[in-house]
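The values are calculated or read from the model by the stated rules, or taken from the named source; none is laboratory data. Owing to the predicted nature of the structure, the values given are computational and were not obtained by experimental measurement. Here Cβ is always computed from backbone atoms with ideal geometry, including for glycine, and neighbour counts include all displayed protein chains. Just the protein is used for accessible areas: all its heavy atoms, side chains included, with ligands, DNA and RNA removed. Shrake-Rupley method; radii C 1.70, N 1.55, O 1.52, S 1.80 Å.
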Amino acid sequence: MPRKTIKVKITNPDLTKKINPENIKLMNLFLRDKGSRSSEKTIENYKSDILIFYTWNLLYNNNTFFVDIKKLQISEFFIYATEELHFGSARYARLKSCLSSMSNFIERMLDDEYPNFRNIILKAVEPMPKVFVREKTVFSDEEINKLNKQIDRSKIDS
C-alpha cells in the first residue's frame, strides 16, 4: 500500500503576480547570492518556500514588506503552516532555515538600505519536535520472498 502524503497548495501564478514587488526583489537577490554556492534543487526548494510564505503574507498579512514583518506575524505564519498546510517537522525546519538565511542575507548584504533590520526568525519560531509524517514501508517476509522469486525469474528470462 503506498504511503499517503497530505499536500495543500497555497501558491499559484495569479497570486504570485500580486506579491509585493519589493518582496520579490529581495527573494531574487537572496536566491542569486545563495545560488552561487548551492545546488539547483536547493534554490528551487528555497524559492518554493519563500513563495509559500509570501503568498500567506499576501492573503493574511496585508502583503507586508519582509523587512517590516514582526515576530508575531512570523509566528502566525508557522502556526498556519502546521495547522492549514499540514507541514511536518522536516518541512517546517527547512522553511524556518530558508527564511532565516534570507534574513541573514539582508543583514549582511543590505545593511546600508535596512540598517535596523534584524533576523527575528530564530527568536519568533520555536523548533518543532521531530515527527515522522509517514509510516515506514516495511515488507513482510512473504513479500520479500515473492520479490526475490520474481527477480530470479526475470534473470532466467533474460
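A Förster radius of 25 Å combined with the Cβ-Cβ distance from ALA93 to SER36 puts the calculated FRET efficiency at roughly 0.60.
Per residue, the average separation of C-alpha pairs within less than 8 Å and at least 6 apart gives the chain a relative contact order of 26 percent. The angle separating the long axis of helix 71-83 from the principal Cα axis of greatest extent in the chain is about 20 degrees.
Along the axis of the charge dipole computed for the range 73-157 (Cβ charges of +1 for Lys and Arg, -1 for Asp and Glu, origin at the Cα centre), the listed residues ASN145, SER75, LEU122 are led at the positive end by ASN145. Net charge near SER97: determine it from the other residues with C-beta under 11 Å of the C-beta of SER97, scoring Lys and Arg +1 and Asp and Glu -1. Taking every Cβ under 11 Å from that of SER97, the sum is +2. Each of the peptides 60-72, 42-54, 20-32 was scored by the mean count of other Cβ atoms within 10 Å over its residues; in descending order, highest first, they stand as 42-54, 20-32, 60-72. Heavy-atom accessible surface of ARG94, to the nearest 10 Å², is about 80 Å², with a 1.4 Å probe and all protein chains retained.
With the cut-off at 21 Å, tell me which of the pairs LYS96/LYS130; LYS17/LYS41; LYS18/LYS123 have Cα atoms farther apart than that.
LYS17/LYS41; LYS18/LYS123
Heavy-atom surface analysis with a 1.4 Å probe gives the chain a carbon and sulfur content of 52 percent of its accessible area.
Taking all protein chains into account, the per residue accessible area for the chain stands at 69 Å² (1.4 Å probe). The charge dipole of the range 22-61, taken about its Cα centre with unit charges on the Cβ of Lys, Arg, Asp and Glu (plus for the first two, minus for the last two), comes to roughly 120 debye.
From the square roots a ≥ b ≥ c of the eigenvalues of the alpha-carbon gyration tensor of the chain, which class results: rounded (a/c under 1.5), prolate (a/b over b/c), or oblate? Don't jump to the answer; show the numbers that get you there.
Numbers: a/c = 2.64, a/b = 2.20, b/c = 1.20.
Here the chain falls in the prolate category.
When the GluC sites (Glu not before Pro) in the range 83-124 are filtered for DSSP coil states and for at most 13 other beta-carbon atoms within 10 Å of their beta-carbon, the remaining sites are GLU84, GLU113.
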